[in-house]
Amino acid sequence: MKTTSMTPQSMLPLTPAVFHILLALTDGERHGYAIMREVAESTNRQINLGPGTLYGTIKRLLKAGMIEESDERPAATEDDERRRYYRLTGLGRRVVEAEACRYNEVAKLVRQKQLAGKLAKAVPVGGI
Amino acid sequence: MMSKNFDGRAVTVSVKIYEWLLLAYPPSFRQRFGSEMKQLFLDQCRDAWCQGAGWALAGLWLRVLLDWTKTILWENIEQLTHRPALVRVFGLVLAGAFLCSVLLANFSPHSYTSVTLIHVRELQGADPYFVAQQSKIIKSYSVLTNVIINQRLHVILAEQNGVKRWTIDQAYDYLSKRISIKQPTRMKGVLRITVNNLDPTFAARIANGIVSSYLNLKQQNDRLGKLPESETVILDPARAEWKSRSRSMSAVLPAWAFGAALLMWGVFFRLLPKLAHY
């Protein structure tokens with residue numbers, strides 16, 4: 001695949017939807033609905049992915065080689081045959097780590113400029 | 001029991017509708033992800049129903065419809081961009097058509113506009129529709145055919161259009177489409193008669209001829225007492241206006257249409273796919 005030869009840095013910045021889907025898969029393989037719920041919970045429901053957005057993004061991530069469909073199924077008691085499970089590839093993990101580093105740099109800059117306190121004061125309820 | 005039945009029915013109907021909505025996605029996308037999307041939507045419906053019954057389900061539908069609208073557009077555009085040769089050929093055809101229409105519009109003859117202003121006033125009575133009626137009389141068949149016969153417009157206009165001679169009715173049809181009569185706002189009783197023609201001198205001659213023909217008809221009717229007595233003053237006779245030239249819409253419109261289509265092609269097949277990573 002053409003895109004798999006690209007470096008993780010060349011794929012940055014990621015859109016919030018892509019970043020959070022990759023982030024949801026760092027803990028292990030998940031099916032679509034589990035990814036959607038994980039993204040909603042981890043972002044305090046600020047990112048609510050619809051089915052079209054979720055599977056459109058999954059399609060692009062599969063094509064880019066950042067995720068893959070898992071052959072392994074969970075234990076029979078937890079498994080649902082109708083679902084497909086997705087997991088991160090090596091490239092996907094490197095990309096999400098690179099993006100996390102980038103966010104970290106941004107967070108450092110925010111702290112350095114003392115913006116976090118100002119923003120917290122400006123948005124007292126719920127935060128951003 | 002009732003609630004459980006209704007729960008099952010609302011969710012089943014929702015999923016059925018969503019299954020139909022999935023048909024809007026490109027076939028390859030539907031084949032690969034359709035059943036997973038349906039399963040996911042079913043899970044969402046069940047969760048929504050458990051959380052807040054009908055209202056929660058309505059809220060879910062609103063979010064899903066917004067998502068559906070956005071993603072069917074992206075997915076279908078992306079599907080088309082997978083056939084670059086077809087998109088490129090389509091773009092080239094549009095660019096060629098745009099270029100041809102611009103050239104054609106540029107070489108199409110100019111149309112000149114002549115304007116004359118007249119003031120009409122009813123001497124007795126105060127009919128609120130008097131001015132509007134005069135406007136219809138000026139554009140009437142009897143007034144215009146008089147002008148056509150007097151100025152031999154059935155020959156001149158026909159020659160301008162590459163034909164040797166027209167019938168009076170053909171000339172009337174042509175002329176009536178190139179005349180407009182309007183009442184300028186804040187100028188009570190004033191009628192603005194506008195004539196378009198390829199020749200500015202003819203445009204002015206026709207405009208003045210229409211006023212003369214209208215005045216003649218009015219004089220005849222005044223003598224016979226058919227119409228209420230009125231007064232007409234020519235405020236500004238038409239002159240050959242070389243400056244007020246324009247191209248006809250039929251020449252310019254294709255250029256605009258192909259230009260807009262080309263712009264949309266660029267937006268849909270070149271710009272949007274680059275931004276389509278939601």
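The values are calculated or read from the model by the stated rules, or taken from the named source; none is laboratory data. Since the model is a prediction, treat every value here as computed from it, not as a measurement. Quick reminder, even Gly has a Cβ in these numbers, built from the backbone with ideal geometry, and neighbours come from all protein chains shown. To get the accessible areas, we keep the full protein, side chains included, count just its heavy atoms, and leave off ligands, DNA and RNA. Shrake-Rupley method; radii C 1.70, N 1.55, O 1.52, S 1.80 Å.
Below, the figures for the structure above:
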| read-out | value |
| --- | --- |
| Any hit, the range B:110-122, residues being touching a residue at least 40 places away in the same chain (Cβ under 8 Å) and assigned to a helix (DSSP H, G or I) | no |
| Those residues of the range B:112-132 which are loosely packed, with under 15 Cβ neighbours inside 10 Å and at pLDDT 85 or above, in sequence order | B:132 |
| Members of the range B:22-41 found to be open to solvent by 30 Å² or more (accessible area, probe 1.4 Å), among the hydrophobic types (A, V, I, L, M, F, W, C) and either in contact with a Cys (Cβ under 7 Å, 6 or more places away or on another chain) or facing another protein chain (nearest Cβ under 10 Å) (or both), listed by number | B:24 |
| For residue B:1: the one exception among (1) open to solvent by 60 Å² or more (accessible area, probe 1.4 Å); (2) at pLDDT 90 or above | (2) |
| Hits in the range A:33-54 (condition: touching a strand residue (DSSP E or B) at 6+ places or on another chain (Cβ under 8 Å) and surrounded by 20 or more Cβ atoms within 10 Å (Cβ to Cβ)) | A:35 |
| Every residue from the range A:22-46 that is within 11 Å of chain B (Cβ to nearest Cβ) and touching a residue at least 12 places away in the same chain (Cβ under 8 Å) | A:31, A:32, A:33, A:35, A:36 |
| Residue tally, condition surrounded by fewer than 20 Cβ atoms within 10 Å (Cβ to Cβ) and within 11 Å of chain A (Cβ to nearest Cβ), over the range B:44-54 | 2 |
| Qualifying residue in the range B:95-104 (condition: open to solvent by less than 70 Å² (accessible area, probe 1.4 Å), in contact with a strand residue (DSSP E or B) (Cβ under 8 Å, 6 or more places away or on another chain), in a helix (DSSP H, G or I) and modelled with pLDDT of 90 or more) | no |
